[in-house]
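**Student:** The structure that follows is given in the form of structure tokens.
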Amino acid sequence: MSMPDAAVPLRGQLPALAVATAGGIGLLLPASGTWATLATGLFCLPLIPLFHGYVLTVVLLVLTAIATVMGIFCAPAAIRHWRRMDPSQVVIDEVAGTLMGLACIPAAVLSAQPVLSIGVVMGLFRLFDIAKPYPVSWLETLPGSLGIMADDLAAGLCAGLLAATLLA
């Protein structure tokens, strides 16, 4: 039976959809990407006092890499399920982008002003993610899950570098 306007049945895709939606955060409306960015910032807040110096940066980069790889492999299930090339429910890219932005902040600044640092990164990330200046807009044109992830990583990098400059 054809379902032209409905989502494709799950058929064992639930774990991949859970990752792609960041545990269901992508199902929150409105502004699922903003909810994911906020959740990522809140997730990182207690990590900051646990790690010091370059170790904090390494932890954030490892988390970015994990979210990126998981997104690349899990987003295709969401593309099939929601029958769109970049479903708004997929927010693992916002998680990776926010983590990338936070990894750009010097650990000393992030440790000294964690709430301000996270807030600035989150605000700038959403700005770059929504406005999509070049090259962010170009990366979005990459095929499939690579495009889904790459534009948000670039937005996170832009946000993080600008935030690091502003907070220094």
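**Student:** Out of E140, E94, I need the residue that is in contact with a helix residue (DSSP H, G or I) (Cβ under 6 Å, 6 or more places away or on another chain), modelled with pLDDT under 95 and either of a type in the set (D, E, K, R) or within 15 Å of I72 (Cβ to Cβ) (or both). Which one? Spell out how you get there, then give the answer.
**Tutor:** Working: E94 fails: modelled with pLDDT under 95.
When all the criteria are applied, what remains is E140.
**Student:** Quick one: which residue in L61, L56, L47 is farther than 24 Å from A131 by Cβ, surrounded by 21 or more Cβ atoms within 10 Å (Cβ to Cβ), touching a helix residue (DSSP H, G or I) at 6+ places or on another chain (Cβ under 9 Å) and modelled with pLDDT of 95 or more?
**Tutor:** None of the other options fit; the residue is L56.
**Student:** Would you be able to say whether some residue in segment 104-118 is modelled with pLDDT of 95 or more, under 11 Å from the mean Cα position of the chain (by Cα) and among the small types (G, A, S)? So that I can check it myself, show each step before the final result.
**Tutor:** Start the filter on segment 104-118 by keeping residues that are modelled with pLDDT of 95 or more, which leaves 104-118.
Narrowing further to those that are under 11 Å from the mean Cα position of the chain (by Cα): none.
No, segment 104-118 contains no residue that is modelled with pLDDT of 95 or more, under 11 Å from the mean Cα position of the chain (by Cα) and among the small types (G, A, S).
**Student:** On to the next question. Considering segment 113-168 alone, what residues qualify as being under 18 Å from D86 (Cβ atoms), outside any helix (DSSP H, G or I) and among the hydrophobic types (A, V, I, L, M, F, W, C)?
**Tutor:** Correct list: L142 only.
**Student:** Considering only segment 22-34, how many residues are over 19 Å from A131 (Cβ atoms) and in contact with a helix residue (DSSP H, G or I) (Cβ under 8 Å, 6 or more places away or on another chain)?
**Tutor:** Taking segment 22-34 as the starting set, the residues that turn out to be over 19 Å from A131 (Cβ atoms) are 22-29.
From what's left, in contact with a helix residue (DSSP H, G or I) (Cβ under 8 Å, 6 or more places away or on another chain): 22, 24-26, 28.
The number of residues fulfilling the criteria is 5.
**Student:** Now a separate question. Among I66, I92, which is the only one that is among the β-branched types (V, I, T) and free of Cβ contacts under 8 Å to residues at least 12 places away in the same chain?
**Tutor:** Exactly one of I66, I92 is among the β-branched types (V, I, T) and free of Cβ contacts under 8 Å to residues at least 12 places away in the same chain, namely I66.
**Student:** Tell me which residues, restricted to segment 72-98, are among the β-branched types (V, I, T), part of a helix (DSSP H, G or I) and closer than 13 Å to G144 by Cβ.
**Tutor:** Within segment 72-98, the subset among the β-branched types (V, I, T) is 72, 79, 90-92, 95, 98.
From what is left, the residues that are part of a helix (DSSP H, G or I) are 72, 79, 92, 95, 98.
Matches in segment 72-98: I72, I79.
**Student:** Are any residues in segment 100-112 in a helix (DSSP H, G or I) and over 16 Å from A39 (Cβ atoms), and if so, which ones?
**Tutor:** In the first step, residues of segment 100-112 are kept if they are in a helix (DSSP H, G or I); the result is 100-103, 107-112.
Listed by number, the residues that qualify are A103, A107, A108, V109, L110, S111, A112.
**Student:** Kindly provide the set of residues from segment 35-44 that are farther than 14 Å from G101 by Cβ and surrounded by 16 or more Cβ atoms within 10 Å (Cβ to Cβ), ordered by number. Give the derivation first.
**Tutor:** Our first condition is that a residue be farther than 14 Å from G101 by Cβ; within segment 35-44, this holds for 35, 39, 42.
W35, A39 - these are the residues of segment 35-44 that are farther than 14 Å from G101 by Cβ and surrounded by 16 or more Cβ atoms within 10 Å (Cβ to Cβ).
**Student:** May I ask you to list the residues in segment 64-120 that are touching an Asp or Glu at 6+ places or on another chain (Cβ under 9 Å), surrounded by fewer than 24 Cβ atoms within 10 Å (Cβ to Cβ) and of a type in the set (A, V, I, L, M, F, W, C)?
**Tutor:** The answer is I79, and nothing else.
The values are calculated or read from the model by the stated rules, or taken from the named source; none is laboratory data. Not measured: the values here are computed from a predicted model. In this analysis, Cβ positions are derived from the backbone assuming ideal geometry, glycine residues included, and neighbour counts consider all displayed protein chains.
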